[in-house]
Amino acid sequence: MELQLQDKTLGQWLEHWAETTPDREFLVYSDRNLRFTWKEFNRRVDDMAKGLMAIGVHKGTHVGIWATNVPDWLTFLYAGAKTGAVLVTINTGYKQSELEYLVRDADIHTLCITEGVFDSSYVDMVYKMAPELKESQRGYMHCRRFPKLKNVVYIGQEKYRGMYSTPEIMLLGKNIDDRTLSEATAQVGCYDVVNMQYTSGTTGFPKGVMLTHHNITNNGYFTGEGMAYTADDKLCCCVPLFHCFGVVLASMAVLTHGCTQVMVERFDPLVVLASVHKERCTALYGVPTMFIAEMNHPMFELFDLTSLRTGIMAGSLCPIELMRSVTEKMHITHITSVYGLTESSPGMTHSVITDSFEDRCTTVGREYPFTEVAVIDPDTGEECPAGVQGEMCCRGYLVMKGYYNKPEATREVISPDGWLHSGDLGVKDERGYYRITGRIKDMIIRGGENIYPREIEEYLYHLEGVKDVQAVAVPSKKYGEEVGVFIILHDGVSLTEEIVRDFCRGQIARHKIPRYVFFVDAFPMTGSGKIQKFKLKDMAAELLAARGVEMT
């Protein structure tokens with residue numbers, strides 16, 4: 001059958017499977033034996049959607065979700081989609097200043113949170129951000145610093161002052177007629193924005209990437225097609241839903257093929273292995289470090305993984321030997337990879353199961369269907385011939401609607417004729433397969449997490465005694481890259497690496513805290529006075545080698 005672009009919204013896809021295969025399992029949490037059929041889940045989504053409408057959520061409303069892969073994460077996604085709201089995903093590692101920046105920049109109306117992760121209490125941080133919550137009647141909050149914020153929903157049974165709980169939202173939903181929801185859903189179109197994810201993009205502070213139903217359902221659909229998904233497939237999803245990897249490559253592939261989504265709430269290699277074993281999963285996703293943790297788990301040999309046949313390894317550079325090991329030891333004979341960025345929904349190129357093993361290990365495949373990919377010379381703007389390095393660019397249905405409230409930033413990355421510029425360097429071979437060779441931009445990618453150096457630099461400028469600072473990527477066997485910072489101190493000032501890291505702890509996300517700190521007298525500069533970051537990266541390797549430090 002010839003592939004076609006699909007024009008269903010998320011809500012229409014959900015309704016389709018609830019009617020077509022109502023009793024087939026859709027969502028499974030194997031570790032607690034929590035199971036929803038398509039029909040059951042669709043009913044829960046409708047009640048949640050009506051509950052959100054009861055607290056003022058309607059078409060265009062921005063609903064933030066700050067949670068690990070909890071069972072109701074997807075409920076909020078699809079409930080928002082049915083009302084026409086935009087679900088804004090929030091990185092679970094965010095700290096106070098990052099949360100406040102996003103809530104303000106994204107114009108969050110309703111914020112949905114869990115208790116928190118590790119040493120971070122989301123509840124405490126939200127109260128610190130909006131102290132009026134403790135004094136306000138629910139639904140009537142007037143927050144001085146965040147005037148757009150009207151509701152906070154706690155995802156769980158617990159009650160907190162000023163916050164709704166999810167059972168209360170569901171109860172409110174039961175008081176609204178189904179026809180009210182049907183009327184709202186009828187106004188939602190496939191070209192409406194449904195999801196907003198924050199990314200540093202190619203420049204500046206994080207920006208909200210506006211993605212439509214058409215963007216993400218089609219990218220998920222073609223991803224699933226590339227792995228020959230059918231309704232009999234079971235995908236074990238242990239990657240975070242706040243990333244495109246989880247919400248599009250996983251969830252949208254499942255949604256458009258009627259598969260079963262076996263969820264892991266927070267990555268734990270033992271839970272992943274047990275879930276695959278118990279549910280007989282056929283597909284598994286992860287960044288390289290996840291697959292390494294699974295294969296190196298002391299109980300690895302106890303689990304039967306022979307049901308696995310395919311999956312995606314992506315998020316950072318995928319070592320060839322690791323892909324070979326995953327194929328041999330985990331039975332994922334058709335492991336694939338995806339290249340892209342949030343702004344491209346995210347998949348731009350994909351190696352598919354019909355590609356040779358060598359191509360799946362050494363390339364990022366060919367362009368997605370209905371997608372134009374070109375390697376462009378950054379200096380001339382001309383397309384590079386095969387074998388010549390240039391910037392990876394794409395055009396088609398997958399290109400984001402734009403950055404939220406940032407038309408200038410949008411114009412910087414999307415040309416007048418629709419080409420999205422990735423900032424990544426790549427090469428196309430004579431057969432049309434692509435390899436990623438480097439980055440024009442200075443982004444640090446640590447274990448699949450995008451880190452923009454300027455965020456770290458701006459924060460460290462506040463540390464007393466710092467005269468200048470530059471953040472760069474330092475190679476890491478475990479994470480692909482780690483954060484390294486070069487600091488020039490004011491005269492007479494003395495700081496240590498630990499003082500710098502202590503200044504960051506609890507203030508910026510863990511994955512952004514510098515692993516390596518170097519104190520220098522000057523930065524390498526060009527003749528025109530520009531800092532040469534590529535030389536700083538070389539200096540980091542040399543300095544660590546001189547110290548006898550192995551880059552783990």
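The values are calculated or read from the model by the stated rules, or taken from the named source; none is laboratory data. Nothing here was measured: the structure is a model prediction, and the numbers come from that model. Cβ atoms come from the backbone with ideal geometry, glycine included; neighbour counts cover every protein chain shown. Note: areas computed on protein heavy atoms with side chains; ligands, DNA, RNA excluded. Shrake-Rupley method; radii C 1.70, N 1.55, O 1.52, S 1.80 Å.
Taking amide H as placed 1.01 Å from N in the peptide plane, SER165 has its amide H under 5 Å from the amide H of TYR154, each at least 5 places away in sequence or on another chain. Working note: 222 nm ellipticity from helices only, DSSP H runs with n ≥ 4, each -39,500 (n - 2.57), summed and divided by the residues of the chain, gives -9000 deg cm²/dmol to the nearest 500. Which shape class applies to region 1-135: rounded if a/c is under 1.5, otherwise prolate when a/b exceeds b/c and oblate if not, where a ≥ b ≥ c are the square roots of the Cα gyration tensor eigenvalues? Prolate, since a/c reaches 1.5 and a/b exceeds b/c. Of the solvent-accessible surface of the chain, computed with a 1.4 Å probe over protein heavy atoms with every protein chain present, carbon and sulfur atoms account for 51 percent.
Taking amide H positions as modeled 1.01 Å from N, with prolines and chain starts lacking one, the residues under 5 Å from ASP233 and 5 or more places away or on another chain are THR260. In region 320-412, taking the dipole from charged Cβ atoms about the Cα centre, the farthest positive-side position among TYR404, VAL388, SER356 is held by TYR404. Residue by residue, region 492-508 carries 3J(HN,Hα) couplings of x, 9, 10, 10, 10, 4, 5, 4, 4, 5, 4, 5, 8, 4, x, 10, 10 Hz when phi is fed to the Karplus relation 6.51 cos²θ - 1.76 cosθ + 1.60 (θ = phi - 60°); x denotes Gly or Pro.
Computed across the chain, the Kirkwood hydrodynamic radius from all distinct Cα-Cα pairs reaches 24.3 Å. Residue by residue, region 336-346 carries 3J(HN,Hα) couplings of 10, 9, 10, 10, x, 8, 3, 5, 10, 6, x Hz when phi is fed to the Karplus relation 6.51 cos²θ - 1.76 cosθ + 1.60 (θ = phi - 60°); x denotes Gly or Pro.
When each of the peptides 33-43, 417-427 is scored by the mean number of other C-beta atoms lying within 10 Å of its residues, the order from highest to lowest reads 417-427, 33-43. On a per residue basis, the chain carries 41 Å² of accessible surface, using protein heavy atoms and a 1.4 Å probe.
Per-residue Karplus couplings for region 47-61, computed as 6.51 cos²θ - 1.76 cosθ + 1.60 with θ equal to phi - 60°, are listed in order as 5, 5, 4, 5, x, 5, 4, 5, 9, x, 7, 8, 4, x, 5 Hz, Gly and Pro entered as x. For region 176-291, relative contact order (Cα pairs under 8 Å, six or more residues apart, normalised by length) works out to 23 percent. Close amide H partners of VAL194, meaning residues 5 or more places away or on another chain with modelled amide H under 5 Å apart, are LEU211, THR212, HIS213.
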